[in-house]
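What follows is calculated from the coordinates using simple rules that are stated; it is not laboratory data. This structure is a prediction, so every number in the text was calculated from the model and none was measured. Cβ placement follows ideal geometry from the backbone for every residue including glycine, while neighbour counts extend to all protein chains displayed.
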Amino acid sequence: MRLALPVLLLLLTAGSARADWAPDETVRTVLARGGVHVDVRPDGSGVSGVVRGAVEIDAPPQVVWNTILDCRRAGRMAPSVKSCRIISRDPAGRWDVREMTVRWNNLVPTFRTVFRSEFEPLTSINFRCTAGDVRYCKGEWRIIPLAGDRALVTYENRASSPFPAPAIVARAAMRKDVADALRALRREAESVQRQG
């Protein structure tokens, strides 16, 4: 069951606390070689898990930022996303509220989630679920400039599954879906940069 990709996309939304996770030297070596890092662990608070991921992207932070926030690209970054729309937004551009509908396959019902994101432009997106079938999610995207018009993107999310599922199954799905979504983010941002 694919339980994490939509959760990753929810990270485009807001939460309240900043993530304190940063890749260590071993992870940075994997990233420098073109890899994607994802780590998923049980969460003591009872949600399905805590997922942390990172990827280096050959595009400047502005391009990465715009790619993450582009609802039109949501389906390309996660084919299970059937719709993404902004419900409300701050006129000053400091936050927005989004709704996504997701359908993984014909065996799993479509689900809906609403999340609020708060923005530190070009730097971080804090998010949290506010309504819908995903009862809990809270996390952050960070975009860190690298030399040569590149960016390091880190992601952290504490999330529950939208459906009853053993926690170990949900965490395995999170690992796969977050890795796939980070690769897709890299592909989309680098494509925009090449077309630029």
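Within the stretch 44-58, the presence of a residue that is over 25 Å from GLY93 (Cα atoms), assigned to a helix (DSSP H, G or I) and without any contact (Cβ under 8 Å) to a residue 24 or more places away in the chain is excluded. Of all residues in the stretch 131-149, those that are over 23 Å from GLN62 (Cα atoms) and touching a residue at least 24 places away in the same chain (Cβ under 8 Å) have Cβ atoms under 8 Å from Cβ atoms of residues that are exposed (fewer than 15 other Cβ atoms within 10 Å of the Cβ) and of a type in the set (Ser, Thr, Tyr), 6 or more apart or on another chain, in LYS138/SER16. In the stretch 49-76, of all residues being out of contact with any helix residue (DSSP H, G or I) (no Cβ under 7 Å at 6 or more places or on another chain) and farther than 24 Å from ALA173 by Cβ, the one that is surrounded by the fewest Cβ atoms within 10 Å (Cβ to Cβ) corresponds to ARG72. Please find, within the stretch 90-99, the residue that is nearest to LEU146 (Cα to Cα) out of those that are surrounded by 14 or more Cβ atoms within 10 Å (Cβ to Cβ) and not β-branched (Val, Ile, Thr). Out of the qualifying residues, it is TRP95.
Among the conditions (1) assigned to a helix (DSSP H, G or I); (2) under 13 Å from the mean Cα position of the chain (by Cα); (3) β-branched (Val, Ile, Thr), VAL63 misses just one, which is (2). Scanning the stretch 126-138 for residues that are in a strand (DSSP E or B) and on the phi < 0 side of the Ramachandran plot gives ASN126, PHE127, ARG128, CYS129, THR130, ALA131, CYS137, LYS138.
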